[in-house]
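The next block holds one structure in the form of structure tokens; read it before the comments.
The values are calculated or read from the model by the stated rules, or taken from the named source; none is laboratory data. Bear in mind that the values here come from a model prediction, so they are computed numbers and not experimental data. A quick note on method: Cβ atoms are made from the backbone with ideal geometry, for glycine too, and the neighbour counts reach across all protein chains shown.
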């Protein structure tokens with residue numbers, strides 16, 4: 001084990017503790033292997049603007065895992081997943097749930113296929129496609145996005161993916177007041193959460209949307 005790897009492990013452990021997430025050792029190891037793959041492939045595939053592994057732990061792993069306590073359901077679509085964020089970290093943390101990753105960029109999907117195989121993940125698929133073209137036989141419990149598009153575009157492009165009682169989970173920076181004001185009729189905010197991501201100063205929020213006719217209790 002290198003000194004750098006041990007430093008990343010301590011950083012990850014401290015971050016998970018701050019998030020109050022108790023993941024098994026096997027999941028923590030997979031998360032670190034994922035960072036290693038991301039760092040290695042990034043040189044050729046330009047997967048992320050983050051180049052330093054320590055920053056990948058905070059800005060990618062912990063940022064993705066911060067939404068874990070708010071997820072409900074067992075089938076999720078990660079749209080515009082890029083390098084597999086938030087889908088791969090969440091899939092590692094939730095081996096009981098299925099995560100299907102969608103992106104139109106061929107290089108990124110080739111990386112995802114290699115990463116899924118290298119990590120031995122059996123609950124993840126990756127597909128190169130424009131999300132508007134996806135028509136699942138069974139709707140998803142949750143549609144996830146991380147800086148994919150505006151909320152208006154997100155629901156417009158991905159509504160066909162959602163089960164009748166499903167939810168959109170949109171990861172944002174600042175609270176998207178303007179985007180919420182432009183949300184089309186038929187959708188409502190179930191909840192909004194400010195996320196405290198260890199090691200990150202910038203604001204992070206999770207917006208949970210649902211169809212207005214779903215009939216659940218709603219929070220602002």
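Residues are listed down the side, and each one gets a yes or a no for (1) in a loop (DSSP other than H, G, I, E, B); (2) under 24 Å from residue 39 (Cβ atoms):
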residue	(1), (2)
110	no, yes
113	no, yes
117	no, yes
135	yes, no
143	no, no
153	no, no
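From the list 117, 83, the lone residue that is at pLDDT below 95 and under 27 Å from residue 23 (Cβ atoms) is 83. For segment 91-131, the set of residues classified as buried (at least 19 other Cβ atoms within 10 Å of the Cβ), over 18 Å from residue 47 (Cα atoms) and in contact with a strand residue (DSSP E or B) (Cβ under 8 Å, 6 or more places away or on another chain) consists of 91, 99, 100, 124, 131, listed by residue number. In the set (1) modelled with pLDDT of 95 or more; (2) within 22 Å of residue 167 (Cα to Cα), residue 23 fails one condition alone, (2). Check whether at least one residue in segment 132-139 is buried (at least 22 other Cβ atoms within 10 Å of the Cβ) and at negative phi, and report yes or no. No, every residue in segment 132-139 fails to be buried (at least 22 other Cβ atoms within 10 Å of the Cβ) and at negative phi. Could you grab me the full set of residues in segment 1-20 that are surrounded by fewer than 16 Cβ atoms within 10 Å (Cβ to Cβ) and either modelled with pLDDT of 90 or more or within 14 Å of residue 89 (Cβ to Cβ) (or both)? Across segment 1-20, the qualifying residues are 6, 7, 10, 13, 14, 17, 18, 20.
The set of residues in segment 182-197 being more than 19 Å from residue 21 (Cβ to Cβ) and either touching a helix residue (DSSP H, G or I) at 6+ places or on another chain (Cβ under 6 Å) or at pLDDT below 95 (or both) consists of 182, 183, 184, 185, 186, 187, 188.
Taking the criterion of being touching a residue at least 40 places away in the same chain (Cβ under 8 Å), part of a helix (DSSP H, G or I), under 10 Å from the mean Cα position of the chain (by Cα) and farther than 19 Å from residue 149 by Cα, the residues of segment 52-103 that qualify are 61, 65, 68, 88, 89, 90.
In the set (1) surrounded by fewer than 18 Cβ atoms within 10 Å (Cβ to Cβ); (2) touching a strand residue (DSSP E or B) at 6+ places or on another chain (Cβ under 6 Å), residue 187 fails one condition alone, (1).
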